[in-house]
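S.K.: Next up is a structure, given as structure tokens.
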Amino acid sequence: MTTLLVASVPFDDQKPGTSGLRKKVLRFQAPHYLHNFVQAIFDSLAAYQGKTLILGGDGRFYNREAAQIILKMAAANGFGRVLVGQNGLLSTPAVSALIRKHHAFGGIILSASHNPGGADGDFGIKFNAANGGPAMESLTEAFFSRSKVLQQYRIDDADDLPLETLGCYQLADMDVEVIDPVAEYADLMQHLFDFDAIRGLFSGGFRMRFDGMHAVTGPYAVEILERRLGAEKGTVIHGEPLLDFGGGHPDPNLVHAKELVSLLNGAERIDFGAASDGDGDRNMILGRHFYVTPSDSLAVMAASAHLLPGYRRGLSGVARSMPTSMAVDRVAKELGIECYETPTGWKFFGNLLDAGKISLCGEESFGTGSDHMREKDGLWAVLFWLNIVAVRKMSVAEIVKSHWQKFGRNYYTRHDYEELGLDVAAGVMDHLRSQLSALMGQTLASRTVVLADDFSYTDPIDASVSEGQGIRIIFADGARIIYRLSGTGTVGATLRIYLESFEGDVDQHDLDPQAALADLLQVALQLADMLSRTGRESASVIT
């Protein structure tokens, strides 16, 4: 078998975002494009020769082709072993868990997460380190720097491997094992949760629907929910992974999971609903006629963790991303544990988890996780909720409302302005920054501004500093307006506006969040001058 040194040209657009490099499929299919970025990853790493690599993705268009390319490049660059999911499939949480269980050097995940798939859709690639978590910024910056000067890449001249067949194969001096993508992850879940209690829930007539969104989580959900836990056949809908996600948008929210929402609000009695995204790391939780915001979900999970087998030892601490509501902060105070506020991006949680500072963490963008791995984990969150329901013997709505009675309610919403021009989005943020110093002490919507800044984070573990992480306007009563540019899109820019207001009066807990936050929204739009600067009269997505 021959190792080829292929001449190439550098690329100037391979800077990873919040979750790796994401571009249109057509860009990745351009000559040498994927190869260059993979070689840039390998060139930026050290001492991996002979080590184990985990490889898999969410099954979107170009997943299989990319997996074959990466296998041949891994062999040419000196890896000793690769564990790859059957058909090139592995959820992002499964990759993280496999890295940790097999003491791998790291893993490569092929996914654009919740972005649309298909030949005209998006594709993505990211590297996860030996702790199972996303590469830190210093490493992704190294990838980018190398990609801009790289002149050649290494690849073995070999036939494709039969990734559809479980078994062991040889690629030059590298061992390749095609593994069941589901089994080891399902075993880990069985260790963390009381499967007997959840089985009892289903055997007692409890019904749920899990929307796999034709993405990678479908097979995981069928194995765990229907086979191991005994939920009725058909509990998992849209469970077959498809190259284009069935033409849908694999983002688990009220807009893109309309069929699931209709089922939970329809005539047929369904007690519990859940959905996950393209690569399986996000989750949405629904009760009968009831939507659980990701921020409330994190808070309820923190307050109830002691009821579950894997968390009965208690929580060492919790963390949330800065835009996530402060509901979990109140739980942490009650429990007497630390609550950390980080920038958006799971890598920031990784340092805290590795240092044992936190046991549970989450982001408002439908992601929750714990110290069982170093990624957010969609199906794990669903099982966490099912275990809570089984133990507390209450409906989803009852659980959340009882939580509000004890801790108060943090009204919360996110307004996404998608596919704005890059200059337009940057202009809005610059306009806001120019007002920060003048906002201190002002009264807006009958609230006094006590803090207006561009969020900067100093990592308590390694002292690294991350600046420009989002604009915060915080009021004396705890209400907040947050503006942030998202790093997960591939077209233009997404500007997100987050609104939050605390309500301690139980009699005021049943308001519609959009109505409760209407005054803050008007302030937010006026400060950003949204209509004149973007031409948009309303957000693309509201959650």
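To keep it simple, each residue is scored yes or no on (1) touching a residue at least 24 places away in the same chain (Cβ under 8 Å); (2) surrounded by fewer than 19 Cβ atoms within 10 Å (Cβ to Cβ); (3) on the phi > 0 side of the Ramachandran plot.
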{"site": "Arg392", "(1), (2), (3)": "yes, yes, no"}
{"site": "Val396", "(1), (2), (3)": "yes, no, no"}
{"site": "Ile399", "(1), (2), (3)": "yes, no, no"}
{"site": "His403", "(1), (2), (3)": "yes, no, no"}
{"site": "Phe407", "(1), (2), (3)": "yes, no, no"}
{"site": "Asn410", "(1), (2), (3)": "yes, no, no"}
{"site": "Leu420", "(1), (2), (3)": "yes, no, no"}
{"site": "Asp423", "(1), (2), (3)": "no, yes, no"}
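S.K.: Right, something else. Within segment 108-125, is there a residue that is more than 23 Å from Thr52 (Cβ to Cβ), touching a Pro at 6+ places or on another chain (Cβ under 8 Å), among the charged types (D, E, K, R) and surrounded by fewer than 24 Cβ atoms within 10 Å (Cβ to Cβ)?
M.R.: no
S.K.: What are the residue pairs meeting all of these: first residue in segment 440-457, first residue in contact (Cβ under 8 Å) with a residue 40 or more places away in the chain and assigned to a loop (DSSP other than H, G, I, E, B), second residue of a type outside the set (Phe, Trp, Tyr) and open to solvent by 50 Å² or more (accessible area, probe 1.4 Å), Cβ atoms under 6 Å, and 6 or more apart or on different chains?
M.R.: Pairs found: Ala445/Asp519.
S.K.: Hey, which of the helices (runs of 4 or more DSSP H) in segment 195-297, taking only ones fully inside, have at least 2 residues that are surrounded by fewer than 18 Cβ atoms within 10 Å (Cβ to Cβ) and at negative phi?
M.R.: Details: elements: 195-203, 217-221, 258-265.
It comes to 195-203, 258-265.
Here's the yes/no breakdown for (1) open to solvent by less than 10 Å² (accessible area, probe 1.4 Å); (2) under 24 Å from the mean Cα position of the chain (by Cα):
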residue: Ile41; (1), (2): yes, yes
residue: Thr52; (1), (2): no, no
residue: Gly57; (1), (2): yes, yes
residue: Arg60; (1), (2): yes, yes
residue: Arg64; (1), (2): no, yes
residue: Lys72; (1), (2): no, no
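S.K.: Just to check your reading of the model, which residue among Tyr185, Tyr153 is among the aromatic types (Phe, Trp, Tyr), over 28 Å from the mean Cα position of the chain (by Cα) and either open to solvent by less than 80 Å² (accessible area, probe 1.4 Å) or under 13 Å from Lys72 (Cβ atoms) (or both)?
M.R.: Working: Tyr185 fails: over 28 Å from the mean Cα position of the chain (by Cα).
One residue alone meets the criteria, Tyr153.
S.K.: Is there any pair linking a residue in segment 212-231 that is more than 24 Å from Asp122 (Cα to Cα) and basic (Lys, Arg) to one that is modelled with pLDDT under 95 and open to solvent by 10 Å² or more (accessible area, probe 1.4 Å), with Cβ under 9 Å and at least six apart or on different chains, and which?
M.R.: none
S.K.: I've got another one for you. If I filter segment 338-373 down to residues being of a type in the set (Val, Ile, Thr) and closer than 27 Å to Leu254 by Cα, which single residue comes out as most open to solvent (accessible area, probe 1.4 Å)? Spell out how you get there, then give the answer.
M.R.: Within segment 338-373, the first condition is being of a type in the set (Val, Ile, Thr), and the residues that meet it are 342, 344, 358, 368.
Now restrict to residues that are closer than 27 Å to Leu254 by Cα: 342, 344, 368.
Numbers: Thr342: 0, Thr344: 23, Thr368: 4 Å².
That would be Thr344.
S.K.: Need at least 2 residues that are at pLDDT 95 or above and open to solvent by less than 20 Å² (accessible area, probe 1.4 Å) per element, so show me which helices (runs of 4 or more DSSP H) inside segment 458-541 make the cut, counting only ones lying wholly within it.
M.R.: On the way: elements: 513-516, 518-528, 530-534.
Per the criteria, 518-528.
The values are calculated or read from the model by the stated rules, or taken from the named source; none is laboratory data. The structure displayed is predicted, hence computed values, not measured ones. Glycine also receives a Cβ, built like all others from the backbone with ideal geometry; neighbour counts cover every protein chain displayed. Note: areas computed on protein heavy atoms with side chains; ligands, DNA, RNA excluded. Shrake-Rupley method; radii C 1.70, N 1.55, O 1.52, S 1.80 Å.
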